[in-house]
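Bear in mind these aren't lab numbers, they're just calculated from the coordinates by the rules spelled out. Keep in mind that what you see is a predicted model, and the values were worked out from it rather than measured. So basically every Cβ, Gly included, is an ideal-geometry build from the backbone, and we count neighbours across all protein chains shown.
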Amino acid sequence: MKQTPAYINSILLAVIAFLLLSTSLPVSSVQAAPPSPTSEPVTTTQTSCDSTRTVQVTGTALINVTPDRALIQLGVQSNGATVDMVEFANSAAINKVIKALKAQGVDPKDISTDFYMIEPVYENYDSLYIKGYRINNTVSVTVRDVKKANAILGAALKAGANQVANVEFYTSDLRKYRDQARELAMTAAKEKAQALADAAGAKADCVLNINENSWSYYNGWWWWWGNQSQQNVWTQNTVQNAAPSGGGNSSAGSGDEPLSLGTISVKAEVSATFGLK
């Protein structure tokens, strides 16, 4: 009989232990749930910029560069009573010019026909009587040693070229100078935005939008309608043009130098929108 209480005590202790263990499980599950607050910082991050208050500005930069390349467009105008006569005369003259260019060290690949036109010559404006024919034959010459531009032009005129349509100077390091100009233009835009914001009692914040203002233009001389094969070659705002020489002018070969290198301008312009705070 004395063993019964001990047996019952053992059963009671086991029941109590089971109850304690079962009641502890919800506590552990409740403690596992709280990690959710750790996700709150993601929702509380600050917005990038206030786009409701802005300032819009432009920035421009200009870099002056000494050119190291030249493009010369020159040609021969010939007249004759018949098509065969004018073609023969023009071919002979243009071949002499090309030969003179090669003698100056110009690579044949840097000489190309830019414009060729044959047209009738009428007795007068209102007449339909054709008294002859005219050929305008122009070649483009790329001069890779810009110091030889004057000598090359003079040699071509001496050889029979009687028209100089255009002379352009440019740089072979265009990309480098364009990148520099863009950086300076953006710096100018930032400074302008901050100055305007200061004047308004605000502060320029982050950049909301940037646009580069680029365009193509040509300031060269063109003597014939439709002669625009080189018009879109220069699209980076870097061309300096020399005025064309008069037809048959022999002064270029007399020792005078009609071309002056000077400098060319590499330009960049940007528009930017900044947020205000």
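Worth a mention:
- Mean Cα-pair separation over length for the stretch 69-170, i.e. relative contact order, pairs under 8 Å, 6 or more apart, %: 50 percent
- Likely footprinting exposure, 263, 273, fewest C-beta neighbours within 10 Å first: 263, 273
- If R0 equals 41 Å, the separation of the Cβ atoms of residue 124 and residue 260 corresponds to a calculated FRET efficiency of about 0.50.
- Sorting 95-102, 107-114 by their mean Cβ neighbour count within 10 Å, with the most densely packed peptide first, gives 95-102, 107-114.
- Most simply put, the stretch 69-170 has about 100% antiparallel DSSP beta bridges, counting only bridges with both residues inside it.
- Annotation: extensible slack from residue 142 through residue 79 equals 19.9 nm (criterion: 0.36 nm per residue apart, minus Cα-Cα distance).
- Ranked by how many other beta carbons lie within 10 Å on average, peptides 63-69, 115-121, 134-140 from highest: 134-140, 63-69, 115-121
- Computed about its Cα centre, the charge dipole of the stretch 93-224 is approximately 600 debye, with only Lys, Arg, Asp and Glu carrying charge at their Cβ.
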